[in-house]
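Accompanying notes for the structure given below.
The values are calculated or read from the model by the stated rules, or taken from the named source; none is laboratory data. In this text, all values refer to a predicted model and were calculated from it rather than measured experimentally. Neighbour counts run over all protein chains shown; Cβ positions are idealised from the backbone, glycine included.
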Amino acid sequence: MVNLVGEVGRFALLAGLVVALYGIAATALGLTRRHGGYLASGRRAVTVWALLMALASAALMTAFLSRDFSVRFVAMASESTQPLLQTIMAFWGGHDGALLLWALILAGYMVTAVWSLRFHPDLQGPAAATLLVVAVFFSILLAGASNPFVPLIPPPPDGQGLNPLLRNPWMSVHPPMLYLGFVGMSVPFALAVAALITGRLDDTWVLLSRRWVIVPWIFLTLGLLLGAKWSYVVLGWGGYWAWDPVENAAFMPWLTATAFLHSIQIQERRGMLVPWNVALVLLTFGLTIFGTFLVRSGVLSSVNAFAEAPLIGYLFLSFLSVLLLVSFGLLAWRWEALKSRGAVETIISRETAFLANNLLFVAAAVVVLLGTMFPVLTEAFRGVKINVGPPYFNTVMVPISVGILLLMGIGPLLPWRQATPEQLVRNFTLPAAAAVLGALVLGLLGVRHLGAVLVYAAALFVLGTIVQETARGTRVRIRRGEIAPLALARLFGRNRRRYGGYAVHLGVLLMLVGIAASSAFATQAGATLRPGERFSVGRYTLEYGGLRHSELPGIDVTEASVRVWAGARFLGSYAPQRYFYRAQEQPMHHVAIRSSLREDLYLILSEWTQDGRGTIRVLVHPLVSWLWIGGVVAVLGAAFAILPERQRRAP
């Protein structure tokens with residue numbers, strides 16, 4: 001019996017490969033012969049390829065929703081008892097479906113990018129061809145080694161079910177957000193390649209790329225934030241970032257993209273760092289492909305990696321090598337034409353601060369890359385894998401992070417070209433005083449953790465910068481006759497890029513404050529208790545109320561009852577759980593968390609005995625909520641920054 005859904009999906013993927021190859025050929029002919037008909041045909045190929053990826057995705061989702069276990073991927077990633085949300089999540093809950101999601105998102109970006117470049121026909125054709133090359137690679141994977149429509153004969157009566165680690169609502173949004181960030185970096189990459197091919201190396205491609213970097217930067221930030229939240233609530237270890245290889249793979253392109261968003265300001269204002277900006281765009285997209293390679297290849301062990309797939313790993317590594325070789329070859333070819341028009345005139349200037357900022361971001365990416373790949377390198381050269389853990393990353397990244405945080409405040413206070421002593425005194429007095437005073441107060445309060453004190457002092461410095469610059473701009477408008485609330489609103493509305501950037505800085509400093517506090521001052525304890533017994537952790541008193549056992553479809557649930565007091569105030573009853581998934585024979589923590597702006601109380605049911613005793617592990621994480629709040633502020637600030645400004649001239 002022919003499986004219609006599977007046949008439709010396989011046809012769409014194979015046809016997509018043919019169409020993408022045709023689109024490259026048509027666009028190449030149009031560019032070399034300057035023939036508008038071929039170029040138009042290439043643009044239509046982009047649309048057709050996107051429609052075919054949408055058709056394949058619809059076919060796969062239909063197979064999941066209809067429980068069509070004659071499709072091997074559906075049988076591996078779902079089961080008949082899964083709720084609807086988990087069934088939808090199963091689409092990207094395995095290797096093949098995740099690659100199809102990659103292609104579907106790429107299709108959306110391609111259509112949007114090619115349409116948006118209609119007013120830049122000299123860049124449109126080469127950019128479309130570059131994106132189609134990426135489409136060809138993923139079409140080859142999906143039509144061959146990673147086809148999600150491979151039949152399973154005979155079909156089993158039920159599927160294996162989604163990986164229990166992924167059966168969490170945060171996983172319904174974390175992978176799509178991460179992929180929207182990863183794949184979105186293909187557009188600025190295509191713009192840079194198009195500029196190198198055509199020789200259009202003025203600021204046009206940079207101005208176009210800015211928005212095309214910020215949009216995926218927002219999604220990548222959300223993806224990292226949601227991944228940290230998933231780790232915090234699902235894995236049951238009490239943390240949100242473990243420097244896992246797959247976490248690092250998503251963090252590295254975020255670092256280089258952030259560097260680009262800072263350095264393009266120097267190119268726009270001073271005509272500097274032109275080849276550096278091109279290199280950052282090329283490197284950022286290369287790192288997204290490298291990150292996908294880490295997730296798919298199994299070369300490094302990770303709770304986030306899907307499976308070991310050596311062939312897929314080799315294909316990704318080959319594509320990454322060709323991509324970097326060709327793109328950086330184009331950069332070398334155009335190097336002379338990319339000479340900067342300006343130069344650093346003095347060390348004490350905004351240009352120098354932004355350059356130092358860039359170097360620290362890139363240094364951070366290199367540090368993370370070396371730490372991530374160290375096991376592979378040691379195995380290749382010494383025959384044994386040697387892992388580097390969080391101590392390495394924390395030791396190196398803390399001073400880099402403090403430096404970046406300080407430069408976030410220093411940069412906006414310095415003028416372009418050269419600063420006078422009077423400007424330095426006027427601009428730095430208030431932020432520096434806030435930082436010094438904050439450090440002294442922390443010392444008087446007994447805070448002795450040097451890293452935390454440095455982060456807090458730097459955060460106060462940046463906060464002082466933001467407040468000072470906002471107050472100055474508002475006062476200027478007030479002197480023009482506007483009332484304070486209206487002056488503040490118009491200041492933000494007519495300088496969205498600047499104050500959106502300040503909001504991003506505010507969000508980042510809030511995140512770093514939350515990270516520093518929850519890392520340096522967390523406390524934990526555990527106890528094995530009989531029902532009715534109590535124990536204390538910090539200011540909390542906990543009373544164990546016993547266990548309750550129940551069943552869900554395919555799951556055995558063990559739940560502890562814990563009553564909590566803060567001093568004499570009763571906070572409520574909490575129920576940390578352990579799930580045991582029978583089909584996968586896999587246990588999972590379901591932690592109980594009481595969150596507040598001050599701290600999180602984190603409860604884990606570790607073990608229990610037949611006579612009803614339970615082992616409860618308790619962690620207290622100060623200020624961890626500010627990590628999530630800061631992430632939201634940063635994302636909103638970036639979104640505000642890309643809104644069009646009604647008035648270019650700032651007061």
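Here is how the numbers come out for the structure above:
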read-out: Flag if Val376 is assigned to a helix (DSSP H, G or I) and at pLDDT 80 or above; value: no
read-out: Filter pass, Val620 being modelled with pLDDT of 90 or more, assigned to a helix (DSSP H, G or I) and either over 27 Å from Gly554 (Cβ atoms) or in the same structural domain as Arg530 (by TED's automatic domain parsing) (or both); value: no
read-out: Condition met for Phe393 (crowded, with 18+ Cβ neighbours inside 10 Å and modelled with pLDDT of 85 or more); value: yes
read-out: Every residue from segment 395-440 that is in contact (Cβ under 8 Å) with a residue 60 or more places away in the chain and either in the same structural domain as Ile264 (by TED's automatic domain parsing) or among the hydroxyl-bearing types (Ser, Thr, Tyr) (or both); value: Ser401
read-out: Pairs where the first residue, in segment 131-156, is assigned by TED's automatic domain parsing to the domain that holds Trp102 and the second is part of a loop (DSSP other than H, G, I, E, B) and among the basic types (Lys, Arg), C-beta under 9 Å, 6+ apart; value: none
read-out: Residues (under 18 Å from the mean Cα position of the chain (by Cα), of a type in the set (Val, Ile, Thr) and surrounded by 24 or more Cβ atoms within 10 Å (Cβ to Cβ)) located in segment 172-212; value: Val183, Val187
read-out: Verdict on Ala458 being at pLDDT below 90 and farther than 30 Å from Ala249 by Cα; value: no
read-out: Val384 vs. criteria in the same structural domain as Leu255 (by TED's automatic domain parsing), without any contact (Cβ under 8 Å) to a residue 60 or more places away in the chain, over 23 Å from Val467 (Cβ atoms) and more than 23 Å from the chain's Cα centre (by Cα); value: yes
read-out: Cβ-Cβ under 7 Å pairs, at least 6 apart or on other chains, segment 20-33 side assigned by TED's automatic domain parsing to the domain that holds Gly125 and in contact (Cβ under 8 Å) with a residue 60 or more places away in the chain, far side of a type in the set (Val, Ile, Thr) and surrounded by 16 or more Cβ atoms within 10 Å (Cβ to Cβ); value: Ala20/Val136; Leu21/Val136; Gly23/Val46; Ile24/Val133; Ile24/Val136
read-out: Single match in Ala54, Ala45, Ala50, Ala63 (criterion: touching a helix residue (DSSP H, G or I) at 6+ places or on another chain (Cβ under 9 Å), under 23 Å from Met171 (Cα atoms) and crowded, with 22+ Cβ neighbours inside 10 Å); value: Ala63
read-out: In segment 585-607, the residues that are outside any strand (DSSP E or B) and buried (at least 16 other Cβ atoms within 10 Å of the Cβ); value: Val591
read-out: Only one of Val632, Val624 that is under 26 Å from the mean Cα position of the chain (by Cα), within 28 Å of Trp217 (Cα to Cα), buried (at least 21 other Cβ atoms within 10 Å of the Cβ) and in contact (Cβ under 8 Å) with a residue 24 or more places away in the chain; value: Val624
read-out: When residues of segment 524-552 are limited to those that are loosely packed, with under 14 Cβ neighbours inside 10 Å and more than 28 Å from Arg582 (Cα to Cα), the one farthest from the chain's Cα centre (by Cα); value: Gly532
read-out: Meets criteria (in contact with a helix residue (DSSP H, G or I) (Cβ under 9 Å, 6 or more places away or on another chain) and either among the β-branched types (Val, Ile, Thr) or under 30 Å from Val455 (Cα atoms) (or both)) for Val564; value: no
read-out: Flag if Leu571 is in contact with a Leu (Cβ under 9 Å, 6 or more places away or on another chain), modelled with pLDDT of 90 or more and either in a helix (DSSP H, G or I) or more than 30 Å from Gly630 (Cα to Cα) (or both); value: no
read-out: Cβ pairs under 8 Å, 6+ apart, first in segment 66-77 and at positive phi, second not in a helix (DSSP H, G or I); value: Arg67/Ser78; Arg67/Ser80; Arg67/Gly159
read-out: For Ala503: the one exception among (1) farther than 29 Å from Asn394 by Cα; (2) of a type in the set (Gly, Ala, Ser); (3) modelled with pLDDT of 90 or more; value: (1)
read-out: Matching residues in segment 121-160 - criterion: being assigned to a helix (DSSP H, G or I), farther than 18 Å from Leu52 by Cα and β-branched (Val, Ile, Thr); value: Thr130
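Conditions tested, residue by residue: (1) at pLDDT 90 or above; (2) part of a strand (DSSP E or B); (3) under 23 Å from Trp230 (Cα atoms).
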| residue | (1), (2), (3) |
| --- | --- |
| Pro531 | yes, no, no |
| Leu542 | yes, yes, no |
| Glu551 | no, yes, no |
| Ala560 | yes, yes, yes |
| Gln610 | no, no, no |
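Rundown of residues vs (1) at pLDDT below 90; (2) among the aromatic types (Phe, Trp, Tyr), yes/no style:
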residue: Met1; (1), (2): yes, no
residue: Val18; (1), (2): no, no
residue: Arg33; (1), (2): yes, no
residue: Ala40; (1), (2): no, no
residue: Leu60; (1), (2): no, no
residue: Phe64; (1), (2): no, yes
residue: Ile105; (1), (2): no, no
